[in-house]
């Protein structure tokens, strides 16, 4: 693992990373490598926070969705419009909660959001101010604030967005950020409070997750946070502690699809609770085996679970190692992050990096299969230590 992690730094796939592995609820590997930048001015430690990007979908929004299902307050086969009546007047009126979570509701991968708020590279005064106020409360970047109605604007654009064409009478499976913009809105409507309030109170604080947070600059100095992209097209600054995802930034840092920051250790605690079906440290966070229900495949022709991504052992270019069992579930993030939970072998794997520093066009992390090769080492080590006893290590092949 040291060799692969150092390879990622030497080849400039990422300036640094955190790797954590747990087996049967015990951390067996927890290491930080490299620096926050290529000038080696900010050493990465186990206390460095990373922008989780789309891992937010499962570490944030999906925790609330599973909570509501566990409480009997959410029907997966109900139409989303039954919870959000404004959808009844749109082309999304017939979408079910299940189809949205499975990324098979016909939603486009993404839509223009922040692009609508700039003209010729300049922020429109109608949407932004250099002074925080009641009308402009959302910090998009240090010294730049978006209008209070930004979230409602993104919601209106989401509602008005077109749908994908059907293939043989049904929508194709198409991963979409809009799915989790919708699930955040739905969750907050049922809960009656923002996810940024609910999640810390219900999960993060009781689990002792000191670093898992939206908008980390309200709690941590920049020096504790790995930088992401040098944004030359929207916020015109080096991002560090401000969410990389532009849509999440526009709405004040708390997106259903992106926005969370954390250390590998804190993300691992939350995911270990999920791997243990809602139980951790003597406390019960889900009464029913809701994580098992959500993490298994739901329909033929769609490898995904409800909100959770899953590996595809039949495809060598998939997001997990080919040695990971078919039951493995988790998620990846655009900034160079992933978390994978293996219930067959009770293995948890977390990899956090800032591969988008200083340019999001850097795809070497994927080209060199850094994340999946480290995961492969885990299973090869298990095979060496327990010959013939690895449960489903090559399941699905």
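The values are calculated or read from the model by the stated rules, or taken from the named source; none is laboratory data. None of the values given here were measured: they were computed from a predicted structure. Heads up, the Cβs are rebuilt from the backbone with ideal geometry, glycines too, and the neighbour counts pull from every protein chain shown.
Taking the range 175-208 only, how many residues are part of a loop (DSSP other than H, G, I, E, B) and buried (at least 16 other Cβ atoms within 10 Å of the Cβ)?
2
Restricting to the range 138-152, and then to whatever is touching a residue at least 24 places away in the same chain (Cβ under 8 Å) and under 22 Å from residue 185 (Cβ atoms), can you tell me which residue is surrounded by the most Cβ atoms within 10 Å (Cβ to Cβ)?
This residue is 140.
On the given criteria, is residue 37 more than 19 Å from residue 374 (Cα to Cα) and surrounded by fewer than 20 Cβ atoms within 10 Å (Cβ to Cβ)?
Spelling it out, residue 37 is indeed more than 19 Å from residue 374 (Cα to Cα) and surrounded by fewer than 20 Cβ atoms within 10 Å (Cβ to Cβ).
So which of 59, 22 ends up being buried (at least 24 other Cβ atoms within 10 Å of the Cβ), within 22 Å of residue 310 (Cα to Cα), modelled with pLDDT of 95 or more and within 21 Å of the chain's Cα centre (by Cα)? So that I can check it myself, show each step before the final result.
On the way: 22 fails: buried (at least 24 other Cβ atoms within 10 Å of the Cβ).
Step by step, each of 59, 22 is checked, and only 59 is buried (at least 24 other Cβ atoms within 10 Å of the Cβ), within 22 Å of residue 310 (Cα to Cα), modelled with pLDDT of 95 or more and within 21 Å of the chain's Cα centre (by Cα).
Scan (1) free of Cβ contacts under 8 Å to residues at least 60 places away in the same chain; (2) in contact with a strand residue (DSSP E or B) (Cβ under 9 Å, 6 or more places away or on another chain); (3) outside any loop (DSSP other than H, G, I, E, B) for the single condition residue 321 breaks and write down its number.
Result: residue 321 fails condition (3) only.
For the structure I just gave you, tell me whether residue 135 is free of Cβ contacts under 8 Å to residues at least 60 places away in the same chain and either over 17 Å from residue 92 (Cβ atoms) or part of a loop (DSSP other than H, G, I, E, B) (or both).
Yes, satisfied.
Residue 81: surrounded by 14 or more Cβ atoms within 10 Å (Cβ to Cβ), in contact with a helix residue (DSSP H, G or I) (Cβ under 6 Å, 6 or more places away or on another chain), in a helix (DSSP H, G or I) and without any contact (Cβ under 8 Å) to a residue 60 or more places away in the chain, yes or no?
Yes.
Given (1) closer than 25 Å to residue 260 by Cα; (2) out of contact with any helix residue (DSSP H, G or I) (no Cβ under 7 Å at 6 or more places or on another chain); (3) buried (at least 21 other Cβ atoms within 10 Å of the Cβ); (4) at pLDDT 95 or above, where does residue 306 come up short, assuming only one miss?
(2)
Cβ-Cβ below 6 Å, separation at least six or inter-chain, first residue in the range 342-367 and at positive phi and in contact (Cβ under 8 Å) with a residue 12 or more places away in the chain, second surrounded by fewer than 24 Cβ atoms within 10 Å (Cβ to Cβ) and in a loop (DSSP other than H, G, I, E, B): which pairs?
346/24
Give me the residue from the range 229-261 that is on the phi > 0 side of the Ramachandran plot and under 19 Å from the mean Cα position of the chain (by Cα) and, out of that set, surrounded by the fewest Cβ atoms within 10 Å (Cβ to Cβ).
The qualifying residue surrounded by the fewest Cβ atoms within 10 Å (Cβ to Cβ) is 252.
Determine, yes or no, whether residue 91 is touching a strand residue (DSSP E or B) at 6+ places or on another chain (Cβ under 6 Å) and assigned to a loop (DSSP other than H, G, I, E, B).
yes
Which residue out of 41, 32, 47 is at pLDDT below 95 and either in contact with a helix residue (DSSP H, G or I) (Cβ under 9 Å, 6 or more places away or on another chain) or assigned to a loop (DSSP other than H, G, I, E, B) (or both)?
Going through 41, 32, 47 in turn, the sole match is 41.
Can you name the residue in the range 104-126 that is in a strand (DSSP E or B) and more than 17 Å from residue 143 (Cα to Cα) and is also modelled with the lowest pLDDT among such residues?
119
Filter the range 275-292 down to residues that are in contact with a helix residue (DSSP H, G or I) (Cβ under 8 Å, 6 or more places away or on another chain) and not in a loop (DSSP other than H, G, I, E, B), then give me how many there are.
Number of matching residues: 5.
For the range 325-337, what are the residues that are surrounded by 24 or more Cβ atoms within 10 Å (Cβ to Cβ) and touching a residue at least 60 places away in the same chain (Cβ under 8 Å)?
330, 331, 333, 335, 336, 337
Pick out the one residue from 75, 122, 91 that is surrounded by 14 or more Cβ atoms within 10 Å (Cβ to Cβ) and more than 21 Å from the chain's Cα centre (by Cα).
75
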